[in-house]
1. Subtracting the Cα-Cα distance from 0.36 nm times the residue separation, let me have the gained length for K39 to R58 in nm, one decimal.
2. Full-extension gain between A50 and Q97, please, as 0.36 nm times their residue separation minus the C-alpha to C-alpha distance.
Amino acid sequence: VLRTILDDNAQIGTKILPVPWEQPADDEVNERRRWIACKRTTGVVTVDQAGEDNFMARGDINTDHIVEHEGTFGVGDTVEVRDASGHEIGRALSSIQSTRIKDSPQCIALSSQDYFILECPIRCK
C-alpha cells in the first residue's frame with residue numbers, strides 16, 4: 001500500500017505541494033481575526049495606558065506595559081487583553097510564555113494578523 005501511495009505515477013490520494021508564503025488578503029486577515037476573537041483564551045494580560053495605546057494603534061504589547069497576568073499560556077495561545085480598569089479591549093496570540101513575561105522585553109502580538117481589537121460584538125460561528 002505504501003509503495004502505491006509513494007509512487008509518483010500513482011493516481012491515488014491527494015498530492016499537496018508547498019506554496020510560497022504571501023501576505024494574506026484583507027478578507028483572510030479578517031477571518032483570522034474572527035478566529036482569534038472566538039478562540040478560547042488561556043490567559044489574561046492587563047496593560048497600563050501606554051500598553052493600551054500601543055495595542056489599539058499597532059496591535060502589539062511590550063512586556064514592560066503588562067501590569068499583571070493571569071493563567072498559564074504559551075507561545076501561540078490566545079490571551080485576553082484588558083485595560084487598567086479591567087475591561088477587555090481585545091485578544092492576541094502570545095509570542096511569549098506567561099512564565100517569562102517579567103524576564104524578557106518582548107511583544108505579545110507581533111503582527112497585524114495576530115490580534116483582534118474589541119470594537120464591536122462579533123458573532124462566532
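Values quoted throughout were computed directly from the atomic coordinates according to the rules given, and no laboratory measurement underlies them. Computed from a prediction, not measured in an experiment: that's the story for all the values here.
1. Working it through step by step, the gained length comes to 4.8 nm.
2. Extra length available between A50 and Q97 comes to 14.8 nm.
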